[in-house]
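The values are calculated or read from the model by the stated rules, or taken from the named source; none is laboratory data. Values in this document were obtained by computation on a predicted structure and should not be read as measured data. A quick note on method: Cβ atoms are made from the backbone with ideal geometry, for glycine too, and the neighbour counts reach across all protein chains shown.
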Amino acid sequence: MLKNKDRYIVAVVGATGAVGNEMVSILEERRFPVEQLRLFASERSEGKTMDFHGKEVPVEILTEKVFKGIDIALFSAGGDRSKEYAPAAVKSGCIVIDNSSAWRMDPEVPLVVPEVNPYDIKKHKGIIANPNCSTIQMVVALNPIHKAAKIKRVVVTTFQSVSGTGKNAIDELLNQTSDILNFKEVKPNVYPHQIAFSCLPHIDSFMEDGYTKEEIKMVNETKKILGDSSIKVTATTVRVPVFRSHSESVNIETDKKLSSNEVRALLSGASGVIVYDAPDKNLYPMPIDAVGKDEVYVGRIREDNSVKNGINIWIVSDNLRKGAALNAVQIAEKLIETA
Ligand SMILES: NC(=O)c1ccc[n+]([C@@H]2O[C@H](COP(=O)([O-])OP(=O)(O)OC[C@H]3O[C@@H](n4cnc5c(N)ncnc54)[C@H](OP(=O)(O)O)[C@@H]3O)[C@@H](O)[C@H]2O)c1
């Protein structure tokens, strides 16, 4: 359990990555009560430093022994590191908020989006999981609709940016775009095919039934966070040549009929949501609108007339912020509120 303190010793594991970098800035931006910040990454980052409140903080090499004295560790260094090091961190008395998929579906580990299920935080036994980026932005918008009209089924198609794969994928899109514009040959490295000027209906690995692991994460995590295993979810996840922010087309069937105006009103009053929906003025959320923002943007709200109680919405959010780093820091803020 976390001790009540004025300031905490906080670690960011995977600090040099796309999400880790964002975590450090968000801790600074939101003035999280940090007594000391410890940064960890691999041997590749030895000798690097990162700026925090105007001071250079050294990046240390991650080992099992580093966690002594650390109160809260935000993990963002991939599932294998989380599986290997999170138990050692917990043994040292540290609370882990993990961004990887390693612990999300463990029944002993709460999976938390603070706008939706903050009450689950207190059930933790040392590890709290941060959901998948596409799931987070979807459940923030689904939650008020589910509370008002009970969601029966969700059909989602995602348009996910390359920063969702990390810093090497950001470089890959940048380099491929520049190479193509300069008539140079393109070699895929991070993705199995060229991502520049294309899109890949393939995120994470394929499973025997033809779905990808990313799609199954959206199915299982949505049920766990909303606390309702009866909701049917099916997903198609697509990587698009966008640097930052994920977009989603979501079709929702509810038990009770909701008009598009009722959905607009519900979402306008929902925590963490901005309704951006004025088609007559060509206003709808786009990835460029959400970059660097904290909220989940919702637009294109309309009834699906092909079914009895259907609604279509379009959801956009910054995957590195609400989809990862911000959600983790918000969990840490809730954690210290109740310490
Ligand atoms: N990107 C997103 O939108 C997003 C959203 C939700 C969850 N996540 C999850 O967050 C995690 C990190 O993602 P990312 O996008 O930030 O990836 P990334 O940009 O590739 O960064 C990976 C980080 O992990 C560190 N790392 C790798 N191997 C390590 C090792 N053996 N020991 C210690 N540190 C090691 C890297 O350090 P070096 O710099 O030293 O290599 C780097 O700091 C992943 O689990 C991912 O699934 C990402």
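For the reader, a short list of remarks on this structure follows.
- Pair list, Cβ < 6 Å and 6+ apart or interchain, from the range 309-324 residues that are over 30 Å from residue 27 (Cβ atoms) to residues that are basic (Lys, Arg) and part of a strand (DSSP E or B): 312/302; 314/300
- The condition of being farther than 29 Å from residue 339 by Cα, touching a residue at least 12 places away in the same chain (Cβ under 8 Å) and among the acidic types (Asp, Glu) holds for only one of 108, 115, 172, that being 172.
Yes/no matrix, rows are residues, columns are (1) without any contact (Cβ under 8 Å) to a residue 24 or more places away in the chain; (2) surrounded by fewer than 17 Cβ atoms within 10 Å (Cβ to Cβ); (3) within 23 Å of residue 19 (Cα to Cα); (4) touching an Asp or Glu at 6+ places or on another chain (Cβ under 8 Å):
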position	(1), (2), (3), (4)
221	no, no, yes, no
237	no, no, yes, yes
242	no, no, yes, no
260	no, yes, no, yes
267	no, no, no, no
273	no, no, yes, yes
278	yes, yes, no, no
287	no, no, yes, no
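- The number of residues in the range 117-153 being surrounded by 20 or more Cβ atoms within 10 Å (Cβ to Cβ), away from the ligand (no atom under 16 Å from the Cβ) and part of a loop (DSSP other than H, G, I, E, B) comes to 1.
- Qualifying residue in the range 221-235 (condition: at pLDDT 95 or above, within 14 Å of the ligand (Cβ to nearest atom) and touching a His at 6+ places or on another chain (Cβ under 8 Å)): no
- Scanning the range 154-192 for residues that are more than 16 Å from the ligand (Cβ to nearest atom), within 25 Å of residue 101 (Cβ to Cβ) and buried (at least 17 other Cβ atoms within 10 Å of the Cβ) yields 154, 155, 156.
- Set 216, 195: member being buried (at least 17 other Cβ atoms within 10 Å of the Cβ) and within 21 Å of residue 242 (Cβ to Cβ): 195
- The one condition from (1) surrounded by fewer than 24 Cβ atoms within 10 Å (Cβ to Cβ); (2) among the hydrophobic types (A, V, I, L, M, F, W, C); (3) in contact with a helix residue (DSSP H, G or I) (Cβ under 7 Å, 6 or more places away or on another chain) that residue 109 does not meet is (3).
- From the options 250, 275, 263, residue that is closer than 22 Å to residue 112 by Cβ and either more than 16 Å from the ligand (Cβ to nearest atom) or at pLDDT 95 or above (or both): 250
- Index of the failed condition, residue 242 passing every other in (1) touching a Leu at 6+ places or on another chain (Cβ under 6 Å); (2) over 15 Å from residue 135 (Cα atoms): (1)
- Test result for residue 73, in contact (Cβ under 8 Å) with a residue 12 or more places away in the chain, aliphatic (A, V, I, L, M) and assigned to a strand (DSSP E or B): yes
- Residue within the range 78-99 that is away from the ligand (no atom under 14 Å from the Cβ), closer than 21 Å to residue 131 by Cα, modelled with pLDDT of 95 or more and assigned to a helix (DSSP H, G or I) present: yes
- The range 195-221: number of residues that are in contact with a helix residue (DSSP H, G or I) (Cβ under 6 Å, 6 or more places away or on another chain) and either more than 29 Å from residue 120 (Cα to Cα) or not in a loop (DSSP other than H, G, I, E, B) (or both): 5
- Considering residues of the range 27-54 that are surrounded by fewer than 22 Cβ atoms within 10 Å (Cβ to Cβ) and touching a residue at least 60 places away in the same chain (Cβ under 8 Å) only, the residue farthest from the ligand (Cβ to nearest atom): 33
- Scanning the range 104-116 for residues that are within 16 Å of residue 220 (Cβ to Cβ) and either away from the ligand (no atom under 11 Å from the Cβ) or of a type in the set (A, V, I, L, M) (or both) yields 105, 106, 107, 108, 109, 110, 111, 112, 113, 116.
- Hits in the range 61-77 (condition: closer than 17 Å to residue 37 by Cβ, within 10 Å of the ligand (Cβ to nearest atom) and of a type outside the set (A, V, I, L, M)): 75, 76
- Any hit, the range 279-293, residues being part of a loop (DSSP other than H, G, I, E, B), at negative phi and basic (Lys, Arg): yes
- Residue count, the range 302-328 (criterion: of a type in the set (Lys, Arg) and outside any helix (DSSP H, G or I)): 2
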